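The values are calculated or read from the model by the stated rules, or taken from the named source; none is laboratory data. Since the model is a prediction, treat every value here as computed from it, not as a measurement. When we count neighbours, we look across all protein chains shown, and the Cβ atoms used for this are built from the backbone with ideal geometry, even at glycine.
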Amino acid sequence: MKRITSNFVVEATSIDEVKSLHLPPAIAVKDIAHRKGEEIAKKHPNDVVISADTIVILDNQIIGKPKDENDAYRILKLLSNKMHTVITAFCIFYNGTYMERTVHSQVIMNELSDELIAKYIDSKIPMDKAGAYAVQDNKKFPIVKAVIGSVDNVIGFPVEEIKNDLVRNKLL
């Protein structure tokens, strides 16, 4: 958000994301982003509220956050040397209405050795990340070979698209 404006507040939600995971991936991510924003917009009806959620999809299956280190290893091995999709859905609530959009990126992973995976897991970085990786740490841990599309989307907040929609709707 700092790349868009200096005037913002981050507020966490209490929604149950698991409630949406039975839905098809592209619908689940929109549902989660919408429910997050709706909860905050009810508390702040006169403000612009932006909510987002990001998922990692491989073979039409959502790859969530790892449950533990063994699960992080399993996920990284599963993604190793493959291409997967990252979808971020975002909603902008304003003046009693909202708009929503999704941004898709493709990520091609390097072939990940057991040694690299072990060092990466030891860093604790993968433990709270969908897909068990963070592209922004790629210089230190070369996990990702290439991103086709928005890198910000893979990080979880497609800055350019959100800013464009705020400007288009005269909210910025």
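Any chance the stretch 1-21 includes a residue that's within 30 Å of Tyr120 (Cβ to Cβ) and over 18 Å from the mean Cα position of the chain (by Cα)?
No, because not a single residue in the stretch 1-21 is within 30 Å of Tyr120 (Cβ to Cβ) and over 18 Å from the mean Cα position of the chain (by Cα).
Can you pull out every residue in the stretch 119-132 that is in contact (Cβ under 8 Å) with a residue 24 or more places away in the chain and over 11 Å from the mean Cα position of the chain (by Cα)?
Result: Tyr120, Ile121, Pro126, Met127, Asp128, Ala132.
Look through Lys77, Lys65 and report the one residue that is over 30 Å from Lys170 (Cβ atoms) and part of a loop (DSSP other than H, G, I, E, B).
On inspection, the qualifying residue turns out to be Lys65.
Among the charged types (D, E, K, R), farther than 16 Å from Thr97 by Cα and surrounded by 14 or more Cβ atoms within 10 Å (Cβ to Cβ): which single residue out of Glu11, Glu17, Glu38 fits that description?
Just a single option satisfies the conditions, and that option is Glu17.
Kindly list, by first and then second residue, each pair from a residue in the stretch 142-162 that is surrounded by 19 or more Cβ atoms within 10 Å (Cβ to Cβ) to a residue that is part of a loop (DSSP other than H, G, I, E, B) and hydroxyl-bearing (Ser, Thr, Tyr), limited to pairs with Cβ atoms under 6 Å and residues at least 6 apart or on different chains.
Cβ pairs passing all conditions: Ile143/Tyr133; Pro158/Ser150.
Can you name the residue in the stretch 95-142 that is more than 19 Å from Asn81 (Cα to Cα) and assigned to a helix (DSSP H, G or I) and, of all such residues, is modelled with the lowest pLDDT?
Checking each candidate, the answer is Asp128.
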